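What follows is a short report on a single structure.
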Amino acid sequence: MSEPISSQYEPGSVENGNFANYYTFYPPQERMQLIPFDLLFSKGESLLCLDIGCNTGELTVALYNEINNHQALLQKGNSKILGVDLDPILIQRAVQANTSQYIKFECVNVLNEEFNSICNSFLNFHSKVRFDVIFIFSVTMWIHLNNGDEGLKLFLKNISEKTDLIVLEPQPWKCYKAAVRRRKRAKKSIFKFWDEIKSRDTIEEDLSKYLYECSFECIWKSDRTSWGRIISLYKRIER
């Protein structure tokens, strides 16, 4: 179970990255300026998207708006996007603020079987076999800390089977160490797999290797952002 944002804790010490008011610190527009949206339209058609770890949905909405701005130039129909997060309070806020029929939010843990059911239902409703693009912004660290190296690999394998493109923003190793320090300051238990993680200083490179094993190659990479992350675009390769 996640620690819901309604619980009493030091704000930075959450177990699963489900921060309250996250987009106050990382405004969606900063990421919008970095993402190569033109490269997402390789097929020249509307997109079916998944945003994993959507929090309260501000970034999901910004992604939808930017995608449709590009789409208007192609004179294609509306894209659709599904945002998922494991915190019910964050998702409730996202649902309440949502005004678009083309954006949907669901509360689910992406490591649970229910996640596959929700994705399949969304894909079937829109007559698709896979998503065109999956967005994963600052999520991999939390999956890694709570599920270990093998849990992270299983997540990436599952995601790779659901899409043709992946936009990935992983946290570097220094963020892992900062997350542990915050837990200690708050007198919370340390992450279950912290001592067992083998992929540490090289985590960003290792993620690329994992995805290559899943038949995805990096075709674009941003400079390191002001908050110390690199955004990369991965594309399915046929073998």
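The values are calculated or read from the model by the stated rules, or taken from the named source; none is laboratory data. Please read all numbers here as calculations on a predicted model, not as lab measurements. Using ideal geometry, Cβ is built from the backbone for each residue, glycine included, and neighbour counts are taken over all protein chains shown. These area figures cover heavy atoms from the full protein model, side chains too; ligands, DNA and RNA do not enter into them. Shrake-Rupley method; radii C 1.70, N 1.55, O 1.52, S 1.80 Å.
So is residue 212 touching a Cys at 6+ places or on another chain (Cβ under 6 Å), modelled with pLDDT of 95 or more and within 30 Å of residue 42 (Cα to Cα) or not?
No: the conditions fail for residue 212.
Only one of (1) open to solvent by 10 Å² or more (accessible area, probe 1.4 Å); (2) assigned to a helix (DSSP H, G or I); (3) within 26 Å of residue 237 (Cβ to Cβ) is not met by residue 177, so which one is it?
(3)
Confirm whether residue 109 is surrounded by fewer than 21 Cβ atoms within 10 Å (Cβ to Cβ), outside any loop (DSSP other than H, G, I, E, B) and within 16 Å of the chain's Cα centre (by Cα).
When the stated conditions are applied, residue 109 does not pass them.
Within the stretch 123-140, is even one residue of a type outside the set (Lys, Arg), closer than 21 Å to residue 196 by Cα and open to solvent by less than 10 Å² (accessible area, probe 1.4 Å)?
Within the stretch 123-140 (the criterion being of a type outside the set (Lys, Arg), closer than 21 Å to residue 196 by Cα and open to solvent by less than 10 Å² (accessible area, probe 1.4 Å)), the answer is yes, since at least one residue qualifies.
If you go through the stretch 196-237, how many residues are outside any helix (DSSP H, G or I), among the hydrophobic types (A, V, I, L, M, F, W, C) and in contact (Cβ under 8 Å) with a residue 24 or more places away in the chain?
9
Of these, 174, 104, 153, which one is in contact (Cβ under 8 Å) with a residue 40 or more places away in the chain and farther than 24 Å from residue 25 by Cβ?
After ruling out the rest, the residue left standing is 153.
Does residue 119 fit the bill of being buried (at least 20 other Cβ atoms within 10 Å of the Cβ) and either in a helix (DSSP H, G or I) or of a type in the set (Phe, Trp, Tyr) (or both)?
Yes, satisfied.
Could you please let me know if residue 166 is modelled with pLDDT of 95 or more, within 17 Å of residue 60 (Cα to Cα) and under 13 Å from the mean Cα position of the chain (by Cα)?
So residue 166 fits the description; yes.
Could you look through the stretch 215-229, keep only residues that are open to solvent by 30 Å² or more (accessible area, probe 1.4 Å) and touching a Leu at 6+ places or on another chain (Cβ under 9 Å), and pick out the one that is farthest from residue 150 (Cα to Cα)?
Selected residue: 223.
Which numbered condition in (1) open to solvent by 10 Å² or more (accessible area, probe 1.4 Å); (2) farther than 17 Å from residue 16 by Cα is the only one that residue 163 fails?
Unmet for residue 163, out of (1) open to solvent by 10 Å² or more (accessible area, probe 1.4 Å); (2) farther than 17 Å from residue 16 by Cα: (1).
Scan 188, 153 and give me the residue that is open to solvent by 30 Å² or more (accessible area, probe 1.4 Å), farther than 19 Å from residue 111 by Cα and not in a strand (DSSP E or B).
Going through 188, 153 in turn, the sole match is 188.
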